Amino acid sequence: MTQNWKNSAILTLGMVLSALILGSFHYQSRQAQNFVTVKGLSERLVEADRGWWSINATYGANTVQEIQSSIRWHEEKVRSFLLEAGFSTDEIQVEGINIYRNNYQGAQTALNADVKISVNTRKVGQITAASERIGELIAEGILVSSDKWATGPKYYFTDFKNLKTEMLAEATQEAKKAAEEFARNSGTKVGKIRRANQGIFQIIPGNRTSENEEFFIDKVVRVVSTVDYYLE
């Protein structure tokens, strides 16, 4: 009788412990499934800190000597214009000279030359001012390309190091606020972070249009962080 009682007690205790373990596991499993995904946005209005502008032209001639003379004349005129506009010598460079035979039927010259002279500078305002005077070069006979994408001017923001840390922190805080608001409305509490994605930094035009941001001095830097929080 005593031995049977002991066996029965051990069996009962085992069943109770198993129920407790299974119950705890079930609770933890359900708890692990309770989470909310929220997003946090951080934005900064900035100005470009670097500018680039290219003055491209094409010339035609019938001999190499003539084409070389046109190239030298073009380079002298453009350099003089850019120096007068306030840029330094080391900011101005000849990016490319391409001389090729003109094989098109009915061509008026045997040779063509594409000349590309650019300025790369932190004097962003002077890029804008100089580009607005392009008519002066045209008046002197510089055959300037009007291709907006190829010649610019273009403006860039490069000083991310002073923004990245604080913007990521702000985006994360905004995500936490969204999670807390959801938790209040659902009668729960925000727990630990389940998963976080800091997002990718984007630069858009300051006027928030769909145009390419490189054409605008004023820009908006933005990052969206996505965070999963457990709900308790």
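Mind listing just one residue for me: the one in segment 126-143 that is aliphatic (A, V, I, L, M) and open to solvent by 30 Å² or more (accessible area, probe 1.4 Å) and, of those, modelled with the highest pLDDT?
Filtering segment 126-143 for residues aliphatic (A, V, I, L, M) gives 127, 129-130, 134, 137-139, 142-143.
Cutting the leftovers down to open to solvent by 30 Å² or more (accessible area, probe 1.4 Å) gives us 129, 134, 138-139, 143.
Numbers: Ala129: 95, Ile134: 91, Ile138: 91, Ala139: 92, Leu143: 82.
Restricting to residues being aliphatic (A, V, I, L, M) and open to solvent by 30 Å² or more (accessible area, probe 1.4 Å), the top hit is Ala129.
In segment 148-201, which residue that is of a type in the set (D, E, K, R) and under 28 Å from Trp52 (Cα atoms) is surrounded by the most Cβ atoms within 10 Å (Cβ to Cβ)?
Per the stated criteria, the residue is Lys154.
Quick check on segment 99-125: of everything there that is among the small types (Gly, Ala, Ser), modelled with pLDDT of 90 or more and open to solvent by less than 50 Å² (accessible area, probe 1.4 Å), which residue is nearest to Gly152 (Cα to Cα)?
The extreme case among them is Ser118.
Within segment 85-101, does at least one residue satisfy the condition of being part of a strand (DSSP E or B), free of Cβ contacts under 8 Å to residues at least 12 places away in the same chain and not acidic (Asp, Glu)? Please lay out each step first, then the result.
Just the residues of segment 85-101 that are part of a strand (DSSP E or B), to begin with: 92-101.
Checking which are free of Cβ contacts under 8 Å to residues at least 12 places away in the same chain leaves us with 101.
Next, from what is left, pick out any that are not acidic (Asp, Glu): 101.
Taking every residue of segment 85-101 in turn, at least one turns out to be part of a strand (DSSP E or B), free of Cβ contacts under 8 Å to residues at least 12 places away in the same chain and not acidic (Asp, Glu).
Looking at this structure, is Val38 touching a strand residue (DSSP E or B) at 6+ places or on another chain (Cβ under 9 Å), farther than 22 Å from Lys154 by Cβ, hydrophobic (A, V, I, L, M, F, W, C) and open to solvent by 70 Å² or more (accessible area, probe 1.4 Å)?
Answer is no for this residue.
The values are calculated or read from the model by the stated rules, or taken from the named source; none is laboratory data. For clarity, every value in this text was computed on a predicted model and none was experimentally measured. FYI the Cβ positions are ideal-geometry reconstructions off the backbone, even for glycines, and counts take in every protein chain you see. Surface areas here come from the heavy atoms of the whole protein model, side chains and all, with no ligands, DNA or RNA. Shrake-Rupley method; radii C 1.70, N 1.55, O 1.52, S 1.80 Å.
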